[in-house]
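Below is one structure, written out as structure tokens; comments come after it.
The values are calculated or read from the model by the stated rules, or taken from the named source; none is laboratory data. Given the structure is predicted, the values throughout are model-derived calculations rather than measurements. We place every Cβ from the backbone using ideal geometry, glycine too, and count neighbours over all the protein chains shown. With ligands, DNA and RNA removed, areas are computed over all heavy atoms of the protein, side chains included. Shrake-Rupley method; radii C 1.70, N 1.55, O 1.52, S 1.80 Å.
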Amino acid sequence: MTSVPPPVPGQELLNPPSDGISNLRFSNLSDHLLVSSWDKSVRLYDASANVLRGEFMHGGPVLDCCFHDDSSGFSASADHTVRRLVFNYNKEDILGRHDAPVRCVEYSYAAGQLITGSWDKTLKCWDPRGASGQERTLVGTYPQPERVYSLSLVGNRLVVATAGRHVNVYDLRNMSQPEQRRESSLKYQTRCVRCYPNGTGYALSSVEGRVAMEFFDLSEASQAKKYAFKCHRKSEAGRDLVYPVNAIAFHPIYGTFATGGCDGFVNVWDGNNKKRLYQYSKYPTSIAALSFSKDGRLLAVASSYTYEEGEKPHEPDAIFVRSVNEIEVKPKPKVLPS
């Protein structure tokens, strides 16, 4: 009897980071992929060609990264720095600093500003067009109730998720105070927040294998639509095994979304119809980050142990880029009763 080969998890990128992958993001302009890592590096790949285009080393682990344009980006480091990285010219400069590790970084095309969130319990906005030097590029500092864990942007709206299950919603045009102050509807620590591409709300995940679907509109009708669901769990010998949900990524065309958990699985969900559309075959270890390409043809998956069970032997860190079939991400039409 011939053995069936294991399903292909996607093309594995060459020259992966040598330590945990903290985030990865596709460019809005091409199949370039930016990857930050605990090995103190930010790498730029051409995901389609499977080529490493450039690399910058930092003074400490890099906890997040994002694009500015197709060949430059920004990084958030545990060495407290916020950096601009220009890969074409192999040039970097420090935009500024926080008083503790910088956990998150987002670039707003709407405001032309960089937003960083830190474990020093502040959010900072920077104008990268300003001359170098913190006093020239810092637009404002905004205290947060706790350490910042995750940020997400849609248009002029910014969602900030912190320790202590706090969620602040800002309008980038008026950062003097949050537009809304909320508490996560999940009972346990927040791992990831991502805004819906249509701008109506956000999805938030926790360490306890759940995702909450939330809406910005505070009307009773809109708030009645919010819900939470269990995912990345399994029953074994009569007990529930629950895995942190580390990553959420929305499909740019269909608005469906993928989640990645410490169980090594990537699931695709139709949030409107409250259905799971697809589950990819299991990856070698925890899913640390996910990103769809600008046209939704590709999904980048960081298979990287996130130390949820402490120090132990684990699979090497790897980045897989898989082609996405429409059947995996396109919502199925509702069948009306005849």
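For residues in segment 304-331 being charged (D, E, K, R) and touching a Ser or Thr at 6+ places or on another chain (Cβ under 8 Å), which is modelled with the lowest pLDDT? The selected residue is E308. Scanning segment 169-210 for residues that are basic (K, R) and within 20 Å of the chain's Cα centre (by Cα) returns R191, R194, R210. With a cut-off of at least 1 residues that are closer than 24 Å to A247 by Cα, name the strands (runs of 3 or more DSSP E) lying wholly within segment 92-203. Counting at least 1 such residues, we get 102-108, 113-118, 122-126, 148-154, 157-162, 166-171, 180-183, 190-195.
Of all residues in segment 126-158, those satisfying the criterion of being more than 12 Å from Y170 (Cβ to Cβ), among the polar types (S, T, N, Q) and modelled with pLDDT of 95 or more are T141, S150.
Entry remark, segment 58-86: residues being hydroxyl-bearing (S, T, Y) and out of contact with any strand residue (DSSP E or B) (no Cβ under 6 Å at 6 or more places or on another chain) number 1 in total.
Suppose we filter R165, R181 for residues that are under 23 Å from L290 (Cα atoms), of a type in the set (K, R) and touching a strand residue (DSSP E or B) at 6+ places or on another chain (Cβ under 8 Å); which single one remains? Lay out the reasoning, then the answer.
On the way: R181 fails: under 23 Å from L290 (Cα atoms).
Just one listed residue meets the conditions, R165.
Can you confirm whether segment 11-24 contains a residue that is touching a residue at least 24 places away in the same chain (Cβ under 8 Å) and at positive phi? Among the residues of segment 11-24, at least one is touching a residue at least 24 places away in the same chain (Cβ under 8 Å) and at positive phi, which makes the answer yes. Picking from residues in segment 36-55 that are open to solvent by 10 Å² or more (accessible area, probe 1.4 Å) and not in a loop (DSSP other than H, G, I, E, B), the one that is nearest to D19 (Cα to Cα) is R43.
State the number of residues belonging to segment 206-259 that are assigned to a strand (DSSP E or B) and either of a type in the set (D, E) or closer than 23 Å to I287 by Cα (or both). Final tally of qualifying residues: 26. Which of the residues that make up segment 25-48 are out of contact with any Leu (no Cβ under 9 Å at 6 or more places or on another chain) and either more than 15 Å from F87 (Cβ to Cβ) or in contact (Cβ under 8 Å) with a residue 40 or more places away in the chain (or both)? Across segment 25-48, the qualifying residues are N28, L29, S30, S37, D39, K40. Considering S222, S235, S206, the condition of being open to solvent by 40 Å² or more (accessible area, probe 1.4 Å) and of a type outside the set (D, E, K, R) is satisfied by S235 alone.
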